Structure formats: structure tokens, C-alpha cells
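Below you'll find the structure, written out as C-alpha cells, and then a few comments.
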Amino acid sequence: MSLNGRIALITGATSGIGKATALALAREGASVILLGRRGERLEEVGQEVKKRYNASWIALPVDVRELQAVKTAIKGLPEYWQKIDILINNAGLAAGLSKIHEGDVEDWEKMIDTNIKGLLYVTRTVVPGMVERGRGDVVNIGSIAGHEVYPGGNVYCATKHAVDALTKGLRIDLVDTPIRVSSVDPGLVETEFSIVRFKGDIERAKNVYKGLKPLTGEDIADTIVFIVSRPPHVQIADVIIFPTAQASSMVVHREE
Ligand code: NDP
Ligand code: 8X3
């Protein structure tokens with residue numbers, strides 16, 4: 001099923017999984033709405049979308065933690081862009097890897113506000129239009145951290161467990177509509193994720209993927225394209241994706 005004529009909103013499109021997904025959806029024929037905080041990066045991704053796939057794009061430089069800004073940006077889209085068919089709730093982050101009793105409250109707020117509340121704000125703004133039009137796909141990017149808890153993962157894992165609950169809840173709420181709700185839950189993907197988690201410490205970030213071949217944003221994007229291109233009666237509920245050298249959050253095989 002081609003995505004020609006479909007309109008996709010991707011949050012966190014400036015980097016990693018979101019950027020790769022925007023490009024992959026554009027490659028399959030979708031027009032893409034690119035949302036993230038770094039406006040210049042959105043423009044660069046948009047230029048790439050146009051150059052590589054001659055697809056239409058529009059940038060929404062927005063912080064998903066700001067409910068009013070989310071509403072104003074999405075509701076203020078030009079008419080063509082209003083009819084969003086595909087929502088990829090990808091924007092998210094981990095901040096730190098501390099024990100709870102030593103944790104940084106600001107890091108907790110950032111993760112909770114972005115990964116849970118931001119996802120809810122965007123969903124609350126976009127999904128009513130899908131219900132009205134009787135079509136749509138919502139794909140939430142969860143994590144293996146939404147199924148397991150690992151040392152120091154505490155609050156990040158809690159936010160991804162919440163994403164899992166929200167995915168399931170939304171699927172129940174929309175069961176009497178044609179709208180499909182899915183979750184893609186990766187293990188180790190090499191993006192800017194660990195650089196953000198370790199606040200710019202690139203060496204520490206590199207070590208997370210040392211000795212194994214991690215997933216890439218493109219690997220995750222492939223699965224997202226698969227999910228949204230199924231026939232209308234097929235709803236992929238949840239996909240966990242690991243690199244071959246990973247078996248769980250804590251079981252990772254590394255070559256010397
Ligand atoms: P990146 O850091 O490369 O990308 C994160 C994206 O989220 C960026 O585009 C960033 O854009 C955006 N973002 C962060 N905060 C906000 C905000 N407040 N408002 C709007 N956009 C925001 O990491 P990934 O691509 O790896 O992460 C994408 C998703 O995948 C996250 O939800 C993450 O939890 C999840 N994930 C990642 C895994 C991994 O190993 N990498 C594994 C499992 C899940 P900007 O900074 O420009 O706003
Ligand atoms: C990102 C994967 O294992 O670093 O969600 O938490 S992990």
C-alpha cells in the first residue's frame with residue numbers, strides 16, 4: 001500500500017529515529033509535517049525530503065511540553081496539512097542514569113513532561129480530526145524500557161511504561177473507529193539519544209554501543225513504514241526490536 005496522498009506528522013524529526021522516519025514516509029509518498037525544537041534542523045530535514053523524494057514538507061518548530069504552542073501550531077497549519085493521517089509520537093529523551101535517591105529532579109521533570117505529557121498533548125490535538133475523518137494511524141515510539149527496568153533507568157523506564165499504557169489505552173478508546181494505534185519499542189539504537197542522556201559526553205555515549213552493531217534510525221523507520229502500510233483491517237499492536245547482539249535491557253553481547 002503506497003502512502004501517496006497521506007499526511008504524516010512526525011515529532012522529534014530533527015534527529016535519529018524521527019528524522020529517518022520522516023525520510024522513509026516521504027520516500028513512500030507521504031507529505032510530512034516535521035516537528036521539533038531546533039528549527040534550522042527541521043529546515044535541513046525538509047530540504048532533504050524535497051531533494052531525495054520530491055515530497056512536500058512543512059516545519060513546526062515547537063516544544064511538545066508547551067500545550068498552547070502545540071495546539072496553536074497544529075491548528076494553525078494551512079488547510080491541506082490539517083488532515084493528518086499518520087501521527088508518529090517519537091519526540092522523547094532520557095536525562096541521566098542516576099539512582100532515584102541521588103537523582104536530579106529537573107531531569108525527571110524533563111522526561112515526564114516530554115515523554116508522557118508531550119505525547120499526550122500532541123495526541124489530544126491530532127486525534128479528534130482523525131476520528132472526525134474516520135481514518136488515521138498513531139504510532140508511539142516506546143522502548144524496551146517500557147517493558148523492563150534496568151539500573152539507573154528508573155524515571156526514564158517509568159515514562160516508557162507510561163507510553164505503553166497510553167498506547168494500550170488509546171487503542172481501547174478508538175476500538176470502535178477505523179483508527180489504528182501501534183507501538184514500536186526499540187532496544188539499542190545509535191542516535192543522539194545517549195549524547196542527550198549523558199549531557200554532551202560523547203565518549204560515554206559511544207561506550208553504550210561499543211562492541212556491537214546497534215540499530216539505526218532507518219531500521220526503526222522500516223518497521224514504522226510496514227505498520228502504516230498494512231491493509232486497513234490489520235493493526236500491528238506492538239513491535240519490540242533489538243540489535244541481534246541484544247536479548248534484553250541487560251543482556252548484550254559485546255565483542256572485545
Ligand atoms: P534523538 O536524541 O536522536 O532524537 C530525539 C528527538 O526528540 C529529537 O528530534 C528532538 O528534537 C526531539 N525532542 C526532544 N525533546 C523535545 C521536545 N521537548 N519537543 C519537541 N521535540 C523534542 O533520539 P532518538 O531518535 O533515539 O529518540 C527518539 C525516540 O526513540 C525517543 O522517544 C526515545 O525515547 C526513543 N527510543 C530511543 C532508543 C535509542 O536507543 N536511541 C531506544 C528506544 C526508544 P529537538 O531537540 O530538536 O527538539
Ligand atoms: C532507549 C533504550 O535501553 O537505553 O529507550 O533505555 S535504553
**Item:** Within region 7-32: backbone nitrogen closer than 20 Å to the Gln82 label point (7 Å, Cα to C-beta)
**Value:** 7-10, 31-32
**Stretch gain in nm, segment Lys71-Lys99, where the contour uses 0.36 nm per residue and the Cα spacing is subtracted** = 6.6 nm
**Request:** Could you check which residue among Pro78, Pro61, Pro243 shows the biggest mean-square fluctuation in a GNM of the chain with a 10 Å Cα cutoff?
**Result:** Pro78
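Summing +1 for each Lys or Arg and -1 for each Asp or Glu, what net charge is found among the other residues whose Cβ lies under 11 Å from the Cβ of Gly217?
Neighbour charge sum, excluding Gly217 itself: -4.
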**Separation of the Arg27 and Thr177 label points, Cα + 7 Å toward Cβ, nm** = 3.0 nm
**Cut-off 13 Å, label 7 Å out along Cα→Cβ of Gln235, residues of region 167-197 by amide N** = 167-183
**Asked** Going by how many other Cβ atoms sit within 10 Å of their own, how do His253, His233, His147 line up, fewest first?
**Response** His233, His253, His147
**Request:** Grab the other residues whose beta carbon is less than 12 angstrom from that of Asn4, score K and R as +1, D and E as -1, and report the net.
**Result:** 0
**Asked** With the chain treated as a Gaussian network of Cα nodes joined by springs under 10 Å, which of Thr114, Thr125, Thr244 yields the largest mean-square fluctuation?
**Response** Thr244
**Message:** Can you say what percent of the DSSP beta bridges in the chain, counting only those with both residues inside, are antiparallel? Round to 5.
**Reply:** 5 percent
**Message:** Please give me the summed charge of the neighbours of Ala30: other residues whose Cβ is under 11 Å from its Cβ, Lys and Arg +1, Asp and Glu -1.
**Reply:** -1
**Prompt:** For region 1-145, what is the percent of antiparallel DSSP beta bridges, rounded to the nearest 5?
**Reply:** 0 percent
**Prompt:** When N counts the residues of region 68-142, how does its alpha-carbon radius of gyration compare numerically with 2.2 N^0.38 Å, as a ratio?
**Reply:** 1.36
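Using a 10 Å cut-off around each Cβ, can you sort Thr11, Thr223 from fewest to most neighbouring Cβ atoms? Write down the numbers at each step before the final one.
On the way: Thr11 29, Thr223 18.
Least to most surrounded, the residues fall as Thr223, Thr11.
Once you have the alpha carbon radius of gyration of the chain, what is it after dividing by 2.2 N^0.38 Å, with N set to its residue count? Before the final figure, lay out each step's value.
Working: Rg = 17.5 Å, N = 256, 2.2 N^0.38 = 18.1 Å.
For the chain, the normalised Cα radius of gyration comes out at 0.97.
Where a number appears in this text, it was derived from the coordinates with a stated rule and is not lab data. Computed from a predicted structure; not experimentally measured. Don't worry about glycine lacking a Cβ; one is built from the backbone with ideal geometry, like all the others, and counts go over all protein chains shown.
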